[in-house]
Amino acid sequence: MQLSMRTDYALRALFTLVEHRGGPPIPILELARRNDIPKRFLEHIMLDLKEKGWVVSTAGKRGGYQLARAPEKITMGEVVRHFDGYLAPIACVSVTDYKRCTQESTCRFRRVMLSARNLVANLMDKTNLADVMKAPPVGSEELKRIQGIDGEGI
């Protein structure tokens, strides 16, 4: 599974809003600058987030965006599915974007992909934005430990 830029940017913006929850609205220019997102692209993403009821906007000189729901009420799975549509590594194990494969009846690795889908979906659906904010960013040494032998092939 690889997140689209749209999902990546949406999550960046949401986490900035989580971090500043309870404060004044954050202007779109500030959100774009802090998260290294092109403003025009972010405008469309923020409209999507607003339509989902995850953010609210305030017009005017002191306007901007704020979270509309508590970060405990928004899961990573919801956000990723909204923007990318599915969490499955291959289409033949997807629930929402299933595509039949000619090798389904004999495929040996489909079961592993199904297990990967289930592990990712369960983790993403159990993890809300507040949970994510509690953990520190991943460091380079931690990344190597997670990946295995020197991170080759990952």
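The values are calculated or read from the model by the stated rules, or taken from the named source; none is laboratory data. Keep in mind it's a predicted model, so treat the numbers as computed, not measured. Neighbour counts run over all protein chains shown; Cβ positions are idealised from the backbone, glycine included.
Taking the stretch 98-127 as the search range and keeping residues that are of a type outside the set (A, V, I, L, M, F, W, C) and under 16 Å from LEU3 (Cβ atoms), which one is farthest from the chain's Cα centre (by Cα)?
ARG117
Does VAL95 satisfy the criteria of being outside any helix (DSSP H, G or I), over 13 Å from the mean Cα position of the chain (by Cα), of a type in the set (A, V, I, L, M) and over 18 Å from ARG6 (Cα atoms)?
Against the criterion (outside any helix (DSSP H, G or I), over 13 Å from the mean Cα position of the chain (by Cα), of a type in the set (A, V, I, L, M) and over 18 Å from ARG6 (Cα atoms)), VAL95 qualifies.
Taking the stretch 24-53 on its own, how many of its residues are part of a loop (DSSP other than H, G, I, E, B), over 17 Å from the mean Cα position of the chain (by Cα) and touching a residue at least 24 places away in the same chain (Cβ under 8 Å)?
Qualifying residue count for the region: 3.
Yes or no: ALA68 under 25 Å from TYR9 (Cβ atoms), under 25 Å from the mean Cα position of the chain (by Cα), small (Gly, Ala, Ser) and buried (at least 16 other Cβ atoms within 10 Å of the Cβ)?
yes
Mind checking which residues of the stretch 129-154 are modelled with pLDDT of 95 or more and either more than 30 Å from TRP54 (Cβ to Cβ) or touching a Pro at 6+ places or on another chain (Cβ under 6 Å) (or both)?
Matches in the stretch 129-154: LEU129, ALA130.
List, please: which pairs have Cβ atoms under 6 Å, are six or more places apart or on different chains, and start with a residue in the stretch 116-143 that is of a type in the set (Asp, Glu) and end with one that is part of a helix (DSSP H, G or I)?
ASP125/GLY77
What pairs come out if I take residues in the stretch 82-108 that are surrounded by fewer than 16 Cβ atoms within 10 Å (Cβ to Cβ) and pair them with residues that are acidic (Asp, Glu) whose C-beta lies under 9 Å away, six or more apart or interchain?
GLY85/ASP97; ALA91/ASP97
Please work out if LEU29 is touching a Leu at 6+ places or on another chain (Cβ under 7 Å) and of a type in the set (A, V, I, L, M).
Taking the combined requirement at face value, the residue does not satisfy it.
What are the pairs with Cβ atoms under 6 angstrom where one residue, in the stretch 60-78, is more than 12 Å from HIS20 (Cα to Cα) and the other, located anywhere, is hydroxyl-bearing (Ser, Thr, Tyr) and assigned to a loop (DSSP other than H, G, I, E, B)? Sequence gap at least six, or different chains.
Final answer for the pair search is MET76/THR127.
Can you name every residue in the stretch 129-146 that is outside any loop (DSSP other than H, G, I, E, B) and surrounded by fewer than 11 Cβ atoms within 10 Å (Cβ to Cβ)?
Listed by number, the residues that qualify are LYS134, SER140, GLU141, ARG145, ILE146.
All but one of (1) touching a strand residue (DSSP E or B) at 6+ places or on another chain (Cβ under 8 Å); (2) surrounded by 12 or more Cβ atoms within 10 Å (Cβ to Cβ) hold for LYS126; which doesn't?
(2)
Being farther than 15 Å from LEU14 by Cβ and surrounded by fewer than 16 Cβ atoms within 10 Å (Cβ to Cβ): is that true of ARG40 here?
yes
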